[in-house]
Amino acid sequence: MSAITIIGIITLGIFLLVIEVFLLPGPTVAGVLGFVVMVVGVALSYSNLGMAAGHLSLVISLIITVILSI
């Protein structure tokens, strides 16, 4: 799996979490699915791209999620 695909998966997860925060308040399918998609994207980056890329994708996705939720 390429890095572009993994970036797209993580971006989709972040987008779903943003929809959850701003458009659909409360625990809905978008929030749960966004969290699961982000976890899958980070896990794929660890397994396919190595430890350094996994750490980088984890940190970047966490930073973006925190910034967008403030």
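Nonpolar atom fraction for the stretch 30-70, defined as the carbon and sulfur part of the 1.4 Å probe accessible area, stands at 86 percent. Note the listed values (1) 18, 45, 24, 10, 2; (2) 20, 34, 22, 14, 7, 2; (3) 23, 51, 22, 4, then indicate which one is P(r) over Cα pairs in 10 Å bins from 0, in percent calculated from this particular structure. Only one option fits the structure, namely (3).
Per-residue ellipticity at 222 nm from helix content only, as computed over the chain with -39500 (n - 2.57) for each DSSP H run of at least four residues, stands at -29500 deg cm²/dmol.
The values are calculated or read from the model by the stated rules, or taken from the named source; none is laboratory data. None of the values given here were measured: they were computed from a predicted structure. The protein model used for the area step is the full one, side chains on, heavy atoms only, and it has no ligands, DNA or RNA in it. Shrake-Rupley method; radii C 1.70, N 1.55, O 1.52, S 1.80 Å.
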